[in-house]
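Working notes, beginning with the structure itself.
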Amino acid sequence: MQVAVLGLGRFGSHLAETLDDLGHDVLAIDMDEGNVHELAPKVTDARMADITDIDALRALSLGDVDVAVVATADLEASVLAMMNLKQLNVQMVYAKASTDRHERILRLLGAQRVIRPERDGAERFAHIIRVAAANDFLPLTQSYGIGVFPVPATWVGQSVERALERAGARRLIALVRDDEVLLNPVMSERVAVGDRFVFSALDEQLGEPLDGRG
């Protein structure tokens, strides 16, 4: 997939690098020469250009990308970049917002999704504090979510069925082993070192000791 990232601050730079790591063809764009120079070895292509200038974006063939992400937090620059991308007929545009007003404007301009990294990250981290044993966590509601848990040493060698007897009220979604995801694993499967269990439950239930012991 061809993805353009417009604005290479901390968020945009990390996003562009991660997208490249995931195998996407990434075009990273910023007016700051230092930002472009630093990111250039880490992505497919990095260019210095004014994202508010439609001619500059047209010269970079922005109309040919599959997805564009307006990653700048500057209101005026992001609005103009959004307008340019729409005029260039980019069908899928995501954008970063810094305030509620900024988010509303971007949505009115046609952003398919608006990201609020500071707010979204803070809300997610608040849940993670409550579910401290999880390696990762996805809140689905204010009180219910999905967590990824490393298995306790006492579970290694046990069957999945036996392990679940000590998992409390959590509902097992998958077992992750290396790069393999086992959905609805066989109950006789033996738990191995390094396995991770993906559970869903109320936050308070996910926050309880995984093996039922304090």
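The values are calculated or read from the model by the stated rules, or taken from the named source; none is laboratory data. Keep in mind the model is a prediction, meaning the values are calculated, not measured. All Cβ positions, glycine included, derive from the backbone under ideal geometry; neighbour counts span all protein chains shown. Protein only, heavy atoms only, side chains kept; ligands, DNA and RNA dropped before computing areas. Shrake-Rupley method; radii C 1.70, N 1.55, O 1.52, S 1.80 Å.
A few comments on the model shown:
- Label-to-label distance, nm, for residues given as residue 75 and residue 37 (7 Å Cα→Cβ offset): 3.3
- Computed magnitude of the charge dipole of the chain (debye, nearest 20; Cβ of K, R +1, Cβ of D, E -1): 860
- Backbone HN-Hα couplings from phi across region 59-65 [Karplus 6.51/-1.76/1.60, Hz, Gly and Pro as x]: 5, 8, 6, 4, x, 9, 6
- FRET efficiency for the pair residue 200 and residue 59, taken as 1/(1 + (r/R0)^6) with r the Cβ-Cβ distance and R0 = 41 Å, rounds to 0.30.
- Extension gain, residue 91 back to residue 119 (0.36 nm per residue minus Cα-Cα distance, nm): 7.4 nm
- Most mobile of 126, 56, 153 in a GNM of the chain (Cα contacts under 10 Å): 153
- Rounded to 5, percent antiparallel among DSSP beta bridges of region 67-214: 75
- Seen from all directions on average, region 155-214 presents a Cα convex hull projection of 3.9 nm².
- Amide N proximity, region 187-212 versus residue 21 label position 7 Å along Cα-to-Cβ, cut-off under 20 Å: 196
- Residues in region 1-33 that a label on residue 179 would reach, taking backbone N under 19 Å of a point 7 Å out along Cα→Cβ: 1, 18-25
- Distance distribution P(r), region 117-205, all Cα-Cα pairs, bin width 10 angstrom from 0: 17, 49, 27, 7, 0 percent.
- For region 65-214, accessible area per residue (1.4 Å probe, heavy atoms of protein chains only), Å²: 56
- Close amide H pairs (under 5 Å, H built 1.01 Å from N) link residue 72 with 96, residues at least 5 positions away or on another chain.
- 3J(HN,Hα) couplings calculated from phi for region 84-99 with the Karplus curve 6.51 cos²θ - 1.76 cosθ + 1.60 (θ = phi - 60°) are, in sequence order, 5, 5, 5, 5, 7, 6, 6, 7, 10, 10, 10, 8, 9, 10, 10, 9 Hz; Gly and Pro show x.
- Quarter of the Cα convex hull surface for region 24-68, i.e. its orientation-mean projected area (nm²): 3.1
- Using the rule -39500 (n - 2.57) for each DSSP H run of four or more residues, divided by the residues of the chain, the 222 nm mean residue ellipticity is -9000 deg cm²/dmol.
- Value of relative contact order over the chain, rounded to a whole percent, pairs C-alpha under 8 Å and six or more apart: 13
- Alpha-carbon gyration tensor eigenvalues x 5, square-rooted, for region 27-129, Å: 24, 18, 12
- The coefficient of translational diffusion for region 89-156, derived via Stokes-Einstein from the alpha carbon Kirkwood radius under 10 °C and 1.306 mPa s, stands at 111 µm²/s.
- Of the solvent-accessible surface of the chain, computed with a 1.4 Å probe and all protein chains present, 51% belongs to carbon and sulfur.
- In the frame of its principal axes, the chain has Cα extents of 63, 34, 29 Å, reported largest first.
- Of the residues 149, 91, 1, the one whose Cα sits farthest toward the positive end of the charge dipole of the chain, with +1 on the Cβ of Lys and Arg and -1 on the Cβ of Asp and Glu, is 149.
- Backbone geometry of region 155-171 corresponds, through the Karplus equation with coefficients 6.51, -1.76 and 1.60 at θ = phi - 60°, to 3J(HN,Hα) couplings of 8, 4, x, 7, 6, 4, 4, 5, 4, 5, 5, 10, 8, x, 8, 5, 10 Hz, x marking Gly and Pro.
- Taking packing as the residue-averaged number of other Cβ atoms within 10 angstrom, the listed peptides 177-189, 106-118 run from highest to lowest as 106-118, 177-189.
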